[in-house]
1. Within the set of pairs 6+ apart or on separate chains, which have a first residue in segment 73-102 that is closer than 20 Å to H38 by Cα, a second that is open to solvent by 50 Å² or more (accessible area, probe 1.4 Å) and among the β-branched types (V, I, T), and C-beta atoms under 7 Å apart?
2. Looking only at strands (runs of 3 or more DSSP E) that lie completely in segment 56-168, which have at least 1 residues being out of contact with any helix residue (DSSP H, G or I) (no Cβ under 9 Å at 6 or more places or on another chain) and open to solvent by 20 Å² or more (accessible area, probe 1.4 Å)?
3. Regarding segment 74-90, can at least one residue be identified that is modelled with pLDDT of 90 or more and within 15 Å of the chain's Cα centre (by Cα)?
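The values are calculated or read from the model by the stated rules, or taken from the named source; none is laboratory data. Please read these numbers as outputs of a predicted model, since none were measured by experiment. Cβ atoms come from the backbone with ideal geometry, glycine included; neighbour counts cover every protein chain shown. Accessible surface is based on the protein model in full, side chains and every heavy atom, while ligands, DNA and RNA are left aside. Shrake-Rupley method; radii C 1.70, N 1.55, O 1.52, S 1.80 Å.
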Amino acid sequence: MEHYRYAVLAGYWSVSDTHDDYFYINSNNNERSTESSHRVLREALFTTLQKITASGTTPVIIKDNPEISKALFQCSRRNLLPYYNQVCLTPIKEIEAQQQKMNKVFDELAVAFPQLLFIDPKDVMCKDGYCSTELSGVPVYRDEDHLNGIGSRLLGEAYMAEVGTPFKAAQ
């Protein structure tokens, strides 16, 4: 059987905190509430991480990228026009509030699984108290909460340049 060094988990972890009609449910619990959603997700992540670590694989969680407003998404697109030059930023406090509940879950998981590694897009996208919708002057969002292909590549390159690879620590 093949052994993998890393298992990378990514998702829209905070979706039930930012959208009233999205919830994590399972076969044992289909209650549609934010509290229940966090419980289901936490239990699923805990079980998944137990299986990953039991196999000798190092788990890696990619945290949510900052969710932006539609107006901010449009702002960065308009900046591509020659006569438009606006600052397209969101205060990091707003982003941290969006992600606060899930970050508590991640903190719990980090204690339970000390080998767990995290990649946080905010490390690159947020500077001086604000999160940008652009990297190197290029819009990185496809919509309010998804990165576009070029944005993903630019984010990865910027992360490697500014933060470095998280994988070295576990080798």
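1. none
2. Correct list: 58-62, 89-91.
3. No: zero hits.
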